[in-house]
Amino acid sequence: MAQVTLDRVGQLPELGQQHSGHGGLWRIVREIALLALLFGVYNLGRFLSAEHSGAAFKHAHELIRWEAWLGLPSEATLQHHALQVDGLARVANVFYASVHFPLTAAVLLWLMIRRPAAYGKARWALASLTGLALIGHMFFPLAPPRMMPGWVDTGVLLGQSVYGPSTHSGVANQFAAMPSLHVGWSLLVAVFLIRATSSRWRWLWIAHPVLTFTVVVVTANHYWLDGLVAIALAVPLLLIFDSSSSARTRKGARSTTSRAAAAPMSNQSPINSSRP
């Protein structure tokens with residue numbers, strides 16, 4: 001009986017290998033289609049909120065007053081000091097334009113291939129945060145600091161703008177400052193990478209949201225509250241989509257399977273085992 005059980009267990013990987021090629025390709029196509037759908041829904045927000053420039057600037061003045069009431073440091077002052085450092089604004093613009101989407105996509109791809117269980121949770125956490133952000137962008141359009149007096153649009157100043165010369169140019173919704181998806185996504189990416197890896201260096205990933213938060217403020221693309229609200233939305237999602245719990249479940253399941261397979265062998269009768 002034990003031999004039959006072990007033979008069946010040994011056949012399972014072969015069955016999985018027979019379907020891994022088509023199944024893996026179909027999964028990649030399905031995931032790309034899902035991400036494309038999410039991007040399309042998010043991009044729809046740009047057209048729905050494009051005509052709310054008046055409300056966006058009104059909200060910006062209100063938010064600046066809220067930050068002053070809360071005692072938050074001035075983003076304009078921080079940017080002024082940062083601009084005194086030669087080349088810092090240029091590096092910050094490159095980081096803002098080239099790290100956000102490519103790194104997030106690369107991490108999702110790596111998780112899909114190497115950590116499938118963690119990938120599913122990361123994908124839905126990112127999708128949920130994006131959906132919540134879209135609601136905020138539609139009902140609270142907000143002009144970013146670079147459009148307000150007292151700040152410098154470092155992208156336009158240095159010829160590195162990803163948005164274009166006007167508020168209606170480009171493909172992005174320029175009034176989608178609240179909450180900051182740059183900050184929210186970077187936090188989710190960092191935490192899921194820390195959860196999915198075991199290296200002692202994995203904690204360095206926490207530098208990603210810290211750098212991102214600093215960059216979006218220095219480049220005048222976001223206020224402090226944009227990032228803080230994104231963090232407040234992301235933290236509950238990290239608790240809901242907890243990949244570490246699934247890892248513990250898989251580990252326990254593997255241990256149970258191993259014990260179940262070994263049990264019949266250990267329970268053989270001494271008389272039967274000694275029989276020639």
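The values are calculated or read from the model by the stated rules, or taken from the named source; none is laboratory data. Owing to the predicted nature of the structure, the values given are computational and were not obtained by experimental measurement. Side chains included, ligands, DNA and RNA excluded: accessible areas come from the protein's heavy atoms. Shrake-Rupley method; radii C 1.70, N 1.55, O 1.52, S 1.80 Å.
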### Taking N as its residue count, the alpha carbon Rg of region 104-235 over 2.2 N^0.38 Å
1.13
### Query
What is the gain in length, in nm to one decimal, between LEU204 and VAL29 on full extension, counting 0.36 nm per residue of separation less the C-alpha to C-alpha distance?
59.8 nm
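Just need the Rg to Rh number for region 182-230, please, alpha carbons only, Kirkwood Rh. List each step's numbers first, then the result.
Values: Rg = 11.7 Å, Rh = 11.2 Å.
Across region 182-230, the Cα-based Rg/Rh ratio is 1.05.
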### Query
Roughly how much of MET148 is accessible, in Å² to the nearest 10, using a 1.4 Å probe?
10
